[in-house]
Amino acid sequence: MAKKLFIAEKPSVAQEFAKALKYQMSRRDGYLESEEAIVTWCVGHLVTMSYPEVYDIKYKKWSVDTLPFIPETFKYEVISSVKKQFDIVSSLLNRPDVDTIYVCTDSGREGEYIYRLVEQEANIHGKKRRRVWIDSQTEEEILRGVREAKDLSEYDNLANAAYLRAKEDYLMGINFSRALTLKYGNHVKNYLRRDRAVISVGRVMTCVLGMVVNREREIRSFVKTPFYRVTGAFGIPMGDGKEKPFEGEWRAVEGSAWNLSPLLYKENGFSEKKDAEALMEKLGAILPSGAMSSGFSGAFLEKCEKK
């Protein structure tokens, strides 16, 4: 009897698929199996791009003479720490009784890449492959995804984008990390007082580091400047001539004469002290004759620091 093989990206997701499919499955080493189907999983990436020294031992030593490193054909290898699970998945993908593979890795470029690398290294041939694309791991969504699964070839462009992104990261990281370390590594090592220093460069990490550095520069060059808030002391009548005091803050709400005024630092403060004092004079003239006059005891000016 031909079986379906469902391959997820993580063990927890595989468990959700097994529950949703409602097959009577038995636990095996690295997978679940019933008479109708098999459910297995990756553990994130099982396959990675090979280091430069795999291409040629001369690349093991960092040297300007071997830069840039741009191979004509990229090499891949199974990650040693997860080789056992790769071997399990590979054997299941190639089992003679498996005729249809349902790719259930995460719906996105990285999930597509994880499966394509496994398929590539497992050397699969002659199997029907269906892509399950879901937005959540509810039973209803899983069953819909399986029911509406498309041929894997419809996601070839997504896979191509994933391969290209990985190659870009690989080339950028290896070449720029080596080049900058060879050029500036000694300076960094001496500054940090260490035996050695590596300057790591990456498509994401370098941009994030740049954002952190720029923010730190902003913090260090920040100059405090004052703005002025206007607050008022009020009292709520509680009976028997007693009042409950509270403090209110003036704000330029939408619809007020001050809304979006250029004199404001923000909606609850003025850039200039004189403008805040002018508002206090108006409040002093208006509030005592208003409905809250019995509870108003005065407006106060508070100097704050811009943050």
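Which residue, of 97, 106, is surrounded by fewer than 20 Cβ atoms within 10 Å (Cβ to Cβ) and touching a strand residue (DSSP E or B) at 6+ places or on another chain (Cβ under 8 Å)?
Unique residue meeting the criteria: 97.
Only residues that are among the polar types (S, T, N, Q) and either farther than 14 Å from residue 169 by Cβ or exposed (fewer than 12 other Cβ atoms within 10 Å of the Cβ) (or both) were counted across the range 192-218, and they come to 1.
Under the condition of being touching a helix residue (DSSP H, G or I) at 6+ places or on another chain (Cβ under 6 Å) and either under 30 Å from residue 168 (Cα atoms) or of a type in the set (A, V, I, L, M, F, W, C) (or both), the residues counted in the range 24-37 number 2. Residue-level check: of (1) closer than 27 Å to residue 125 by Cα; (2) surrounded by fewer than 13 Cβ atoms within 10 Å (Cβ to Cβ); (3) over 33 Å from the mean Cα position of the chain (by Cα), residue 56 misses just (1).
From the set of residues in the range 1-25 that are touching a residue at least 40 places away in the same chain (Cβ under 8 Å) and of a type in the set (D, E, K, R), which is farthest from residue 117 (Cα to Cα)? Step by step, filter the range 1-25, then rank; the result is 19. For the range 14-22, the condition of being modelled with pLDDT of 95 or more, charged (D, E, K, R) and closer than 18 Å to residue 111 by Cβ holds for at least one residue. When you go through (1) modelled with pLDDT under 85; (2) surrounded by fewer than 10 Cβ atoms within 10 Å (Cβ to Cβ) one by one for residue 248, which number turns out not to apply? The one condition residue 248 does not meet is (2).
The values are calculated or read from the model by the stated rules, or taken from the named source; none is laboratory data. These numbers were taken from a predicted model, which means no experiment stands behind them. Positions of Cβ are backbone-derived with ideal geometry, glycine not excepted, and every protein chain shown enters the neighbour counts.
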